[in-house]
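The values are calculated or read from the model by the stated rules, or taken from the named source; none is laboratory data. Computed from a predicted structure; not experimentally measured. All Cβ positions, glycine included, derive from the backbone under ideal geometry; neighbour counts span all protein chains shown. Accessible surface is based on the protein model in full, side chains and every heavy atom, while ligands, DNA and RNA are left aside. Shrake-Rupley method; radii C 1.70, N 1.55, O 1.52, S 1.80 Å.
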Amino acid sequence: MEVVIVPDAKAGGELIAEAMAALVRRKPDALLGVATGSTPLPVYEALAAKVRGGAVDVSRARICQLDEYVGLPAGHPESYRSVVLREVVEPLGLSEAAFMGPDGSAEDVQGACEAYDRALAEAGGVDLQLLGIGTDGHIGFNEPCSSLASRTRIKTLTEQTRVDNARFFDGDIEQVPHHVITQGIGTILEARHLVLLATGEGKADAVAATVEGPVASIVPASALQLHPHATVVVDEAAASKLKLTDYFRHTYANKPEWQGL
């Protein structure tokens with residue numbers, strides 16, 4: 001996989017936003033997969049700025065979701081659907097019709113998982129999927145020891161994850177759902193381009209295990225090593241445990257400009 005080391009989160013956001021913009025210029029109806037959390041916010045802010053400045057027209061682009069809480073109504077302010085609409089879809093000037101996501105409030109959750117996998121395939125597949133990474137190497141809600149061939153499915157949140165997410169629910173862990181729907185690792189690997197963004201020293205061990213360690217379910221993100229077009233963008237802090245930083249810096253500095261990200 002390609003590793004790109006950037007000075008800080010803002011530079012990483014700008015780099016990935018330009019890759020998304022370049023994709024949309026080539027393919028106006030591209031399907032962009034997005035993640036929630038604080039890490040990808042610089043990407044969305046930079047892409048929205050390009051749209052406002054007229055650098056790219058995203059009016060035909062589509063947005064799809066990586067994961068969703070089970071049991072929250074679609075309109076709940078902390079449902080991931082609401083978060084993506086608020087942080088990505090609306091700032092890009094898109095309508096809700098441009099958005100795809102799993103139905104976390106469905107009575108038949110397993111059926112909703114299978115329906116979302118089908119919907120992604122029927123939409124032509126994800127062109128670029130943006131990912132974050134947990135300190136334990138998880139992507140989406142695929143926790144350690146998730147099957148590397150897994151499809152979109154229901155997962156049980158760990159107690160620590162519920163504690164971490166309680167800040168979004170007025171600090172009340174009882175409001176945090178116990179279950180989520182997540183794209184499986186096998187589903188994620190079907191995207192044409194995977195871009196993982198990691199920032200901060202707290203992600204350094206997970207990044208090193210993902211990039212330089214063996215492919216193993218104990219580090220779900222290591223599955224990116226199996227993908228033909230995977231890019232890992234890290235700031236200096238998140239890159240601090242990598243052994244091959246000199247190599248990564250050299251190869252990116254000497255990369256042909258026409259290749260893009």
Over the Cα atoms of the range 131-194, compute the convex hull volume and normalise it per residue, giving Å³. 87
Three semi-axes of the equivalent ellipsoid, the chain, Cα gyration tensor, whole Å, largest first: 27, 23, 17
Any chance you could count the Lys pairs in the chain whose alpha carbons are under 25 Å apart, treating pairs 8 or more apart or on different chains as valid? 13
Normalised by the number of residues in the chain, what is the relative contact order in percent for Cα pairs under 8 Å and 6+ residues apart? 24
With every protein chain kept in place and ligands, DNA and RNA left out, what is the accessible area per residue of the range 172-261? Probe 1.4 Å, answer in Å². 47
Roll a 1.4 angstrom probe over the protein heavy atoms and tell me the percent of accessible area of the chain that is carbon or sulfur. 53
Residues other than residue 113 with Cβ under 14 Å of its Cβ, Lys/Arg counted +1 and Asp/Glu -1, net out at -3
Pop out the ³J(HN,Hα) list for the range 230-243 in order, Karplus 6.51 cos²θ - 1.76 cosθ + 1.60 with θ = phi - 60°, rounded to Hz; leave Gly and Pro as x. 10, 10, 10, 10, 9, 7, 4, 5, 5, 8, 5, 9, 6, 8
Share, in percent, of DSSP beta bridges within the chain that are antiparallel, nearest 5: 30
Seen from all sides and averaged, what is the projected area of the convex hull of the Cα atoms in the range 98-244, in nm²? 9.5
Restricting to Cα pairs under 8 Å and 6 or more apart, the percent relative contact order of the range 138-261 works out to 27
Hz values of 3J(HN,Hα) by residue in the range 40-49 - Karplus curve (6.51, -1.76, 1.60), Gly and Pro given as x: x, 4, x, 5, 5, 5, 5, 5, 5, 5
For residue 64, distant residues with modelled amide H under 5 Å away: 32, 33, 34, 100
Given +1 on the Cβ of Lys and Arg, -1 on the Cβ of Asp and Glu, and no further charges, what dipole in debye does the chain carry about its Cα centre, rounded to the nearest 20? 780
